[in-house]
Amino acid sequence: MREMEENPFREADLSLRNHPESCVLVIFGATGDLTHRKLIPALYNLAADGDLPAGLRVVGFARREKSDEEFREGLKELNKQVSRQGHDDDLWEQFSQSITYHQSTFTDEDGYASLKVRLDEMEKDGASPNRLFYIASAPEFFDDILLQLKKAKLNESAHGWCRAVVEKPFGTDLATAQHLNEVVNETFEEKDTYRIDHYLGKETAQNIMVLRFANQFFEVLWNNRFIDHVQITCAEPLGMEGGRGGYYDKSGALRDMVQNHLLQLLSLIAMEPPADLSADGVRDEKVKVMKSLRAFKDAEDVAKSVVRAQYTAGTVDGEEKVGYRREDRVNPGSMTESYVALKIMIDNWRWEGVPFYMRMGKRLPKKGTEISIHYKQAPNVLFNAAVGAEAMPGNVLVIRIQPNEGISLGMRSKRPGPAATLQPVKMDFRYQTSFGKSSPEAYERLLLDAMAGDATLFARKDEVENAWRYVDQIEDAWHKSPSPPKMAEYPAGSWGPKEADELLEQDGHDWRRL
Ligand code: BG6
């Protein structure tokens with residue numbers, strides 16, 4: 001394992017660090033993409049940094065027949081491609097010895113009984129009595145897995161703790177999310193339930209609270225007296241590669257990204273300072289934001305504030321791409337949106353009158369998630385006659401969630417020279433420059449937190465339900481109203497439909513170019 005000093009994140013105040021406990025991590029859906037691309041590489045990277053608790057064991061649970069060796073080989077191949085810190089064969093050999101495979105369908109009672117026998121035996125052989133069940137299967141099996149765990153009494157451990165991590169999507173609307181919450185809470189107590197939203201594990205998302213509450217000068221201006229509007233953009237050049245269309249066409253941009261990741265980012269931007277940094281302290285404040293989102297009056301109101309669109313054929317990065325409806329596993333007559341833009345109002349004291357514009361789309365020109373805070377103009381009394389002042393934007397604080405993680409502040413400066421000419425300039429903080437090392441992947445932090453029993457960066461039951469309550473109004477207007485708002489179009493490789501531009505233009509704004 002590498003030396004401790006190499007990791008700058010270790011230098012943080014150790015009293016604020018979580019202490020993950022050793023456990024047996026059982027991954028349901030172990031042959032899936034998430035396990036191969038995210039979970040195992042995250043564990044490997046933690047091992048490389050020496051951050052994995054000693055004695056951690058991993059059991060992959062899935063339907064396909066495989067030996068332990070075959071399972072590890074498949075994981076190794078992917079780890080070589082995606083590991084953040086590269087792949088070291090010796091380290092992999094050492095790390096992968098802790099990984100085994102358990103074959104069963106998700107509905108077979110015997111498969112869970114034999115899993116219990118296996119975990120009990122591992123415990124007798126010295127493995128930790130703590131058990132972390134990570135449910136990363138296809139969502140239609142979430143209920144079955146939870147109920148079977150209970151039936152097999154795998155939700156109890158005589159000598160340690162039992163926790164469940166539940167992947168997204170957490171339901172497809174409020175009713176299904178409430179049902180899933182009931183099933184989860186029949187098997188695991190809320191304090192032992194960890195609903196994943198991987199955006200919360202991103203370093204830059206975690207830094208939003210630090211930016212706001214550990215610096216004096218941002219927070220004092222963080223309200224409707226000084227802020228004109230906020231924009232949140234999440235752009236992806238990817239379309240429906242790798243058979244993703246099957247899932248996505250049933251979901252769409254609103255459910256796939258807005259209900260969870262983007263509303264979480266909005267909550268972090270809009271929340272009040274929490275009473276403390278406990279999981280409930282933070283989540284109480286985020287829930288208040290979700291509850292303050294202004295409800296839509298009717299389908300017409302939704303049409304005025306929300307734009308949905310699908311991409312048509314176009315060029316991304318020099319490559320021709322087909323339109324959404326011609327993608328693999330997508331219904332040719334699909335009415336699922338690959339892009340959504342919203343104007344959200346928050347009805348509370350701090351944000352009264354400040355629009356939050358949000359957009360996310362597939363097949364946009366480049367990958368990038370950023371939040372920009374647009375400040376009101378300074379009083380226009382002294383430099384209003386200066387050259388360039390009239391067309392210049394006010395101050396903009398940009399939080400780059402990914403890539404090129406960092407924060408920049410756009411402001412006006414006098415251009416050197418005899419004339420009173422103003423020019424926009426930028427102060428820039430970059431993670432790479434300041435910390436000299438790539439940030440840990442979101443899943444690294446989230447896995448450690450679940451092992452440490454810290455649910456701060458996981459969604460609580462009421463957060464998920466309130467987010468669905470908001471999103472359901474839009475879905476209902478689109479799919480149940482007699483006169484649904486129209487589906488706009490944008491060519492693949494463009495920044496979205498003109499209707500999304502008009503959404504801002506009517507308020508006198510433009511989308512910020514990433
Ligand atoms: C997932 C969505 O939750 O997040 C995907 O289902 C999306 O559609 C992905 O591509 C984006 O994650 P990231 O971390 O790459 O921004």
Problem - Sole exception among (1) of a type in the set (A, V, I, L, M, F, W, C); (2) in a loop (DSSP other than H, G, I, E, B); (3) in contact with a Phe, Trp or Tyr (Cβ under 6 Å, 6 or more places away or on another chain) for PHE71, by number - result: (2)
Handout entry: Whichever residue in segment 226-274 is open to solvent by 10 Å² or more (accessible area, probe 1.4 Å) and of a type in the set (Phe, Trp, Tyr) and, among such residues, is farthest from the ligand (Cβ to nearest atom)
Key = PHE226
Practice task
Kindly state which helices (runs of 4 or more DSSP H) lie completely within segment 410-499 and contain at least 2 residues that are in contact with a Lys or Arg (Cβ under 8 Å, 6 or more places away or on another chain).
Solution key: 442-452, 461-479
Problem - Index of the failed condition, LYS66 passing every other in (1) in a helix (DSSP H, G or I); (2) surrounded by 18 or more Cβ atoms within 10 Å (Cβ to Cβ) - result: (1)
Completion exercise
Only one of (1) touching a Gly at 6+ places or on another chain (Cβ under 6 Å); (2) on the phi > 0 side of the Ramachandran plot does not apply to GLY436, and that is (1)
Exercise for the section: Can you tell me which residue within segment 383-410, out of those that are over 24 Å from the mean Cα position of the chain (by Cα) and open to solvent by 60 Å² or more (accessible area, probe 1.4 Å), is modelled with the highest pLDDT? Expected result: ASN395
Handout entry: Checking SER278 against (1) among the polar types (S, T, N, Q); (2) more than 15 Å from TYR470 (Cβ to Cβ); (3) under 19 Å from the mean Cα position of the chain (by Cα), the condition it does not meet
Key = (3)
Handout entry: Residue, surrounded by the fewest Cβ atoms within 10 Å (Cβ to Cβ), within segment 295-319, restricted to residues that are out of contact with any helix residue (DSSP H, G or I) (no Cβ under 8 Å at 6 or more places or on another chain) and not acidic (Asp, Glu)
Key = GLY318
Problem - Out of LEU221, LEU277, sole residue that is at pLDDT below 95, away from the ligand (no atom under 13 Å from the Cβ), out of contact with any helix residue (DSSP H, G or I) (no Cβ under 6 Å at 6 or more places or on another chain) and not hydroxyl-bearing (Ser, Thr, Tyr) - result: LEU277
Exercise for the section: Kindly list, by first and then second residue, each pair from a residue in segment 125-147 that is aromatic (Phe, Trp, Tyr) to a residue that is surrounded by fewer than 23 Cβ atoms within 10 Å (Cβ to Cβ) and in a helix (DSSP H, G or I), limited to pairs with Cβ atoms under 7 Å and residues at least 6 apart or on different chains. Expected result: PHE142/LEU180
Practice task
Out of the residues in segment 83-131 that are touching a helix residue (DSSP H, G or I) at 6+ places or on another chain (Cβ under 7 Å) and part of a helix (DSSP H, G or I), state the one that is nearest to THR31 (Cα to Cα).
Solution key: SER96
Handout entry: Complete set of residues in segment 367-382 that are away from the ligand (no atom under 16 Å from the Cβ) and open to solvent by less than 20 Å² (accessible area, probe 1.4 Å)
Key = SER372, ILE373
Fill in the blank from the handout: When segment 82-122 is checked residue by residue, the ones that are of a type in the set (A, V, I, L, M), open to solvent by 40 Å² or more (accessible area, probe 1.4 Å) and under 17 Å from LYS38 (Cα atoms) are VAL82
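Of the residues ALA158, ALA205, ALA214, which is within 16 Å of the ligand (Cβ to nearest atom) and either open to solvent by less than 50 Å² (accessible area, probe 1.4 Å) or out of contact with any helix residue (DSSP H, G or I) (no Cβ under 6 Å at 6 or more places or on another chain) (or both)?
Unique residue meeting the criteria: ALA205.
The values are calculated or read from the model by the stated rules, or taken from the named source; none is laboratory data. Bear in mind that the values here come from a model prediction, so they are computed numbers and not experimental data. No Cβ is skipped: glycine too gets one built from the backbone with ideal geometry, and neighbour counts run over all protein chains shown. Side chains are part of the model used for accessible areas, which takes the heavy atoms of the whole protein and leaves out ligands, DNA and RNA. Shrake-Rupley method; radii C 1.70, N 1.55, O 1.52, S 1.80 Å.
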